[in-house]
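> If you scroll down you'll find the structure; I have some questions about it.
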Amino acid sequence: MIRAPLSISASPCPRVPASGATRVPASFARVRRAFTLIEILCVVVIVGLAAGIIIPQIATRDDLRCASAARQLMGDLLYAQSRSIALGKMHYVQFNKATGVYQVLDNMSPANVITNPLSQQAYTITVGTGPLANVTINTASFDGNPTVAFDAMGVPYTWDATNGPVALTAGSVVFKAGKNQKTVTVSPYSGQIKVQ
């Protein structure tokens, strides 16, 4: 009788093929093709928390609109001041709080609105429309008057029809959007313009 050769094995583990890879039993060979319920719930909770934090901030950006209106006014005041220096002529910025409009002029009597160098139209800005929606001019006071003027040296003045230009002692414009507000101040004598 011919006997089959005996294989000697030191451990009950399957043999390691010559390539070095281990054999995986058939029960462990399943490919995982889906997420578990816990993983899906974790993702839903994280997305929900992120949405709860981000969406309320995106909904109202009144703070940015208010800051944008203040920066635009600062630029317009600086333009009027620079133009008065360059041309050696008084320039005015007149505010109408009721209509939310301000305009840059080079003469008050008769009123002559200058041309905006960018739009090539009258230099009239309407607050509360377009990108400045929900923004209002809360106050515009230059020693109690709604008009500020700059002389040929860039020095600020308050202006009214009775007294004409008078050296400015305090001047500011306050923009408001929702609960947010920004103040643009014009310093007396130096004409420094700041946003606060």
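> Let me confirm something: among LYS97, LYS179, which residue is surrounded by fewer than 18 Cβ atoms within 10 Å (Cβ to Cβ), touching a helix residue (DSSP H, G or I) at 6+ places or on another chain (Cβ under 8 Å) and either closer than 30 Å to ASP63 by Cα or acidic (Asp, Glu) (or both)?
Checking each option against the conditions leaves just LYS179.
Rundown of residues vs (1) touching a Lys or Arg at 6+ places or on another chain (Cβ under 9 Å); (2) modelled with pLDDT under 90, yes/no style:
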| site | (1), (2) |
| --- | --- |
| THR124 | no, no |
| GLY144 | no, no |
| THR147 | no, no |
| ALA161 | no, yes |
| VAL166 | no, no |
| LYS182 | yes, no |
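> Could I ask something else about it? Which pairs have Cβ atoms under 9 Å, sit 6 or more apart or on different chains, and link a residue in segment 41-66 that is farther than 28 Å from THR136 by Cα to one that is modelled with pLDDT of 85 or more and surrounded by 10 or more Cβ atoms within 10 Å (Cβ to Cβ)?
Cβ pairs passing all conditions: none.
> Examine segment 117-133 for a residue that is touching a residue at least 60 places away in the same chain (Cβ under 8 Å) and surrounded by 17 or more Cβ atoms within 10 Å (Cβ to Cβ), and state whether such a residue exists. Steps first, please.
Looking only at segment 117-133, we keep the residues that are touching a residue at least 60 places away in the same chain (Cβ under 8 Å), and these are 131-133.
The next check asks that each one be surrounded by 17 or more Cβ atoms within 10 Å (Cβ to Cβ); those that pass are 132.
Taking every residue of segment 117-133 in turn, at least one turns out to be touching a residue at least 60 places away in the same chain (Cβ under 8 Å) and surrounded by 17 or more Cβ atoms within 10 Å (Cβ to Cβ).
> Give the residue, chosen from THR136, THR158, that is touching a residue at least 24 places away in the same chain (Cβ under 8 Å) and touching a Phe, Trp or Tyr at 6+ places or on another chain (Cβ under 8 Å). Don't jump to the end; show me each part of the working.
On the way: THR158 fails: touching a residue at least 24 places away in the same chain (Cβ under 8 Å).
Checking each option against the conditions leaves just THR136.
> Also: For segment 100-134, what are the residues that are among the β-branched types (Val, Ile, Thr) and in contact with an Asp or Glu (Cβ under 8 Å, 6 or more places away or on another chain)?
If the condition is that a residue be among the β-branched types (Val, Ile, Thr) and in contact with an Asp or Glu (Cβ under 8 Å, 6 or more places away or on another chain), then VAL104, ILE114, ILE125 are the ones that fit.
> Confirm whether ASN112 is touching a residue at least 12 places away in the same chain (Cβ under 8 Å) and in a strand (DSSP E or B). I'd like the intermediate steps shown before the answer.
Values: touching a residue at least 12 places away in the same chain (Cβ under 8 Å): no; in a strand (DSSP E or B): yes.
No; evaluated as a whole, the condition is false for this residue.
> When segment 139-155 is examined, which residues are found to be hydroxyl-bearing (Ser, Thr, Tyr) and touching a residue at least 40 places away in the same chain (Cβ under 8 Å)?
From segment 139-155, those hydroxyl-bearing (Ser, Thr, Tyr) are 139, 141, 147; that's our starting set.
Selection gives THR139, THR147.
> Give VAL166, VAL174 a once-over and let me know the one that is in a strand (DSSP E or B) and under 25 Å from GLY128 (Cβ atoms).
Numbers: VAL166 fails: under 25 Å from GLY128 (Cβ atoms).
Within the list VAL166, VAL174, the selection yields VAL174.
The values are calculated or read from the model by the stated rules, or taken from the named source; none is laboratory data. Keep in mind that what you see is a predicted model, and the values were worked out from it rather than measured. No Cβ is skipped: glycine too gets one built from the backbone with ideal geometry, and neighbour counts run over all protein chains shown.
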